[in-house]
2 protein chains.
Amino acid sequence: VCIDWGTSRLRAYLVGEDGSVHDRRATAQGVMAVAPGAFAAVLEATVGDWRRASPGGIVLMSGMVGSRQGWREAPYAESPAGAAELAGRLVEVDAGGDGRVLIVPGVARRHPDGVPDVMRGEECQILGAAAADDGAPLLYVLPGTHSKWALCQGGRIIWFATFMTGELFAVLCEHSILGRLMAPGDDDAAAFHEGLERGAAEPPLLLRRLFSARTLGLFDEIPAAALRGYLSGLLIGSEIREAELSLGGAPAPRLTVIGASTLAARYRDALERRGYRVAEQPEEVAVAGMLRVAAAAGLW
Amino acid sequence: VCIDWGTSRLRAYLVGEDGSVHDRRATAQGVMAVAPGAFAAVLEATVGDWRRASPGGIVLMSGMVGSRQGWREAPYAESPAGAAELAGRLVEVDAGGDGRVLIVPGVARRHPDGVPDVMRGEECQILGAAAADDGAPLLYVLPGTHSKWALCQGGRIIWFATFMTGELFAVLCEHSILGRLMAPGDDDAAAFHEGLERGAAEPPLLLRRLFSARTLGLFDEIPAAALRGYLSGLLIGSEIREAELSLGGAPAPRLTVIGASTLAARYRDALERRGYRVAEQPEEVAVAGMLRVAAAAGLW
C-alpha cells in the first residue's frame, strides 16, 4: 500500500507485486484534518481492508504525514538525495495489524544564500517521474500551494526550490483589496497571458506589479471577471522567471510538469509560451517513486 | 478645515488664516466605515461645530473620500501634477451649511510597461513636504498598506510607484502558513535586519524568499517571536530594491519618509542601513499640501 498523505488530501494506492496499481482511494483526511493520535485510526478506516487482505504487506507513506504536525517526524534527507538516501531514513510507526508501516522522509537543501528549503511528498513524485532518467539533468515543476521546481540527475534530486505562488494567489484573492474588484471567473486566456508577460518581465518587480491587478481593474482595462486570471498569470510568470534566475544560466529546453489539475494545464500553457518543451506526469507517479524507495530498502 | 479622509481613518484639522493648525481630530470613520449617502452626516458630526464657528469657511478633503466608493468620485489628475493641476480638478459636494466643501483629486500615471498607478491623499502629503523644494528632484517614501514612492520636482509629482508591501505582510501573517509558526512579537531588530538583507539581495526572488520565513522557523534558525520581524524586513527590503529598480540608475542619496508610526521608524532604519540620508515628516504635512492647492485655486 502506497499513501501520498499531504496537508489537505490523503491518496492511497493498492499496489500489486508487479508494481501496478490495482485500486485507489482519495479522501479529505489530510494531515490538518487528523487529530493528534488519530493517524492509526484514519489509516485503518482508509485501507484497513486492503491490509487484512494481504497479511504482512507493507505500507509506505510520503508527505506531511512525516512532518512535526504529522504522525511522526521523519528527519529530512539532505539533497542530493535519491531512493537510497530516502530508504536509509525510513521511519517506522506502530499502526497495529500485520505488516510494517513506514514513512518516507522529505528532502532538504540550502540555497546559496544559506536559506533552507524543504519538500515532503514531492520527492516521491519526482523520483517516480525520473524513472526513465537518461543521465542528463531533468527539470520538474510541481504546481501547487507551494510550487516546487527540481533538477534530477542519475536518480537523485540535485537541486530544488519552493515558490509560494499558489498560497499567495489564494490569500490575495480572498483577503486583500485585489479580491474586491474581482467577479467570478478565472479562465480568461487573454488576461492570463497578459499577466504572464508582465510577471516575467525584467526586472522582477512583484510588489509593484501586484498593484496592477487593482489599477487595471479600476481603469476597466481588464474586466472584473478576468482579474483572477490576470493575477494568476502575473504570479505564475513571476515564478517562472524567479525559477530561471534561481537555476542560473540558460533555462533547460524541456521539463516535466507533474500534476493533472487545471492548474497544471495553466503551467503547461505558460511554460510552452516561454519556449519550453513540456511533458506531463500525473500525481500518481508518486507510487513509482515509493516503489523505488521500497526497492532500495530491500522491501520490494 | 482640512480633512485627510482615507480608507480606514478620518483626520480633520482646523486651520487658521495664517495656515497654522489650531485643532485636530481623528476618528475611525474612514470611507469603508461610512454608509453610502452618509458622508454629509459624518462631516457634520465630526467638524460641524468648527464650520458653524467660521461661517463661509472652506472645507478641503483629500484621500479615498474622492474615490468611487467615497462621497463623490474626483477624477485623477495626470502626473506630472502639482497644486495647480489639482486645483483645476477640485470637485464640490453639497454638504449643507455655510461654506464650500471641496474634494482634492488623486494623481495617476502610467509606468513604462503601460500599467496605470494611482494615489489618493498621498499627493497632498507629498506636496506639503515638498514646500521647501529647491528645484532638484526629491524622493518621498510613504510607508503603509500600499506604500508609495514619489519623485517631486518644481512643486510637481513627476513620478511615483505603489508597492503592496503592507497589505502583503498583513495577509501573510493572518491567513498564510507563514503565520502558523509565528509567536507574538515583531520588534526583533536582528531578524528584521536579516530579512532586509535577504529581501534586497540580487536577483529579486520574492516568491521563493517568502518561503524562507517558514523554513528558517522550521529549522529553529529564527525564533518564533522574531518571524514577524523577519518577514517585515524581507518585504521592506524587497520594496526598497524594487523601488530602486523602478527609478532606474543610482538611488538618490537622500529622501524623506512621511509618517510618524512605528512602521515609518522601521523604514527609516532600513533606508539608513542601505545608505540613504533620511529626513522625516509627519502625516499632518498633508495640511500644508492642501493649503498649496487652496492657494492655487484662489481659495486662500
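Overview of values
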read-out	value
Nonlocal amide H pairs with A:ILE103, under 5 Å, H built at 1.01 Å	A:MET61, A:VAL91, A:GLU92, A:VAL93
Solvent-accessible area, 1.4 Å probe, carbon plus sulfur percent, for chain B	51
Dipole magnitude of chain A, debye to nearest 20 (Cβ charges: Lys/Arg +1, Asp/Glu -1, about Cα centre)	320
Probe 1.4 Å, protein heavy atoms only - accessible area per residue of the range A:161-285 in square angstrom	38
Net charge contributed by nearby residues that have their C-beta within less than 13 Å of A:ALA161 (K/R +1, D/E -1)	0
Counting DSSP beta bridges with both ends in the range B:1-102, the antiparallel % (nearest 5)	70
Rounded to the nearest 20 debye, dipole of the range B:31-82 from Cβ charges on Lys, Arg, Asp, Glu	80
Long-range HN-HN contacts of B:GLY6 with modeled amide H, under 5 Å	B:ARG11, B:VAL31, B:MET64
Leading residue at positive end of dipole, the range A:158-298 (Cβ point charges), from A:ALA189, A:ILE177, A:LEU206	A:LEU206
Interface area, B with A, accessible, probe 1.4 Å, both sides summed, Å² nearest 100	4500
Contact order normalised by residue count of chain A, Cα under 8 Å, 6+ apart, percent	17
1.4 Å probe, heavy atoms, protein only - residues of the range B:149-173 losing at least 50 Å² accessible area vs chain alone	B:MET164, B:LEU168, B:VAL171
Sparsely packed trypsin sites (Lys or Arg not before Pro) within the range A:1-69, loop by DSSP, other Cβ within 10 Å at most 13	A:ARG68
Within the range B:109-177, trypsin sites (Lys or Arg not before Pro) in DSSP loop having at most 16 other beta-carbon neighbours inside 10 Å	none
Local electrostatic count at B:ALA12 - Lys and Arg +1, Asp and Glu -1, tallied over other residues with Cβ under 10 Å	+1
Neighbour cut-off at most 11 other Cβ (10 Å), DSSP loop, GluC sites (Glu not before Pro), the range B:1-85	B:GLU17
10 Å Cβ neighbours from other chains, averaged over peptide B:138-147	1
Percent of beta bridges antiparallel (DSSP, the protein assembly as shown, rounded to nearest 5)	65
Average accessible surface area per residue within the range A:1-51, 1.4 Å rolling probe, Å²	47
Surface accessible to a 1.4 Å probe, per residue, for the residues of the range A:80-137, Å²	35
Dipole magnitude (debye, nearest 20) for the range A:151-275, charges at Cβ of Lys, Arg, Asp, Glu	300
Fluctuation leader among A:GLU284, A:GLU242, A:GLU221 - chain A, Gaussian network, Cα springs under 10 angstrom	A:GLU221
Beta bridge orientation in chain B: antiparallel %, DSSP, nearest 5	65
The range B:264-281-the range A:152-224 distance, computed between alpha-carbon centres (Å)	30
Theoretical ellipticity at 222 nm over chain B - DSSP helices of four or more residues, -39500 (n - 2.57) apiece, nearest 500	-10500 deg cm²/dmol
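The values are calculated or read from the model by the stated rules, or taken from the named source; none is laboratory data. As the structure is a computational prediction, the values presented were derived from the model and not from experiment. Quick reminder, even Gly has a Cβ in these numbers, built from the backbone with ideal geometry, and neighbours come from all protein chains shown. The accessibility values were calculated without ligands, DNA or RNA, using every heavy atom of the protein model including side chains. Shrake-Rupley method; radii C 1.70, N 1.55, O 1.52, S 1.80 Å.
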